[in-house]
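The values are calculated or read from the model by the stated rules, or taken from the named source; none is laboratory data. Note that the structure is predicted; figures quoted are calculated from it, not measured. Please note: Cβ atoms are built from the backbone with ideal geometry, for glycine as well, and neighbour counts cover all protein chains shown.
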Amino acid sequence: MPDNSDPKVTAHRRVGRPPAGAKKGEKVKDYPQLSIRVPLEFKARLNALSAVTGLSQWRVIMKAINCFSDDLPKRDRALVEGLSERLMRAEQL
């Protein structure tokens, strides 16, 4: 039986949690923060959705925004996409 204190035998694992961003390798801590005020029942619903689905709160909100956007008429979706692309480019300057 190998000795677990032998550094040659132990597996090389990274310490801490793996990156959990929306895209591979992205870190949530590098994302901009958003602070909003919502009625208590919506905060409770967000907490419940997160607990039941196992998704983080930011992922639940991201999915809700995408769902809302997908329900817009095609013309409005195109306007939202164009405006958001311009805003992201402006933020990178």
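Things worth noting here:
- Pair list, Cβ < 8 Å and 6+ apart or interchain, from the stretch 78-90 residues that are within 16 Å of CYS67 (Cα to Cα) to residues that are modelled with pLDDT of 95 or more and surrounded by 11 or more Cβ atoms within 10 Å (Cβ to Cβ): VAL80/SER69; VAL80/LEU72
- Scanning the stretch 13-59 for residues that are among the acidic types (Asp, Glu) and at pLDDT below 95 yields GLU26, ASP30.
- Residue ID - surrounded by the fewest Cβ atoms within 10 Å (Cβ to Cβ), chosen from residues in the stretch 48-81 that are assigned to a loop (DSSP other than H, G, I, E, B) and hydrophobic (A, V, I, L, M, F, W, C): LEU72
- A search for C-beta distances below 9 Å between a residue of the stretch 34-47 that is under 16 Å from ILE65 (Cβ atoms) and any residue that is among the hydrophobic types (A, V, I, L, M, F, W, C) and surrounded by fewer than 10 Cβ atoms within 10 Å (Cβ to Cβ), counting only pairs 6+ apart in sequence or on different chains, returns nothing.
- Residues located in the stretch 70-93, provided they are of a type outside the set (D, E, K, R) and either more than 18 Å from the chain's Cα centre (by Cα) or over 21 Å from VAL28 (Cβ atoms) (or both): LEU72, PRO73, ALA78, LEU79, VAL80, GLY82, LEU83, LEU87, ALA90, GLN92, LEU93
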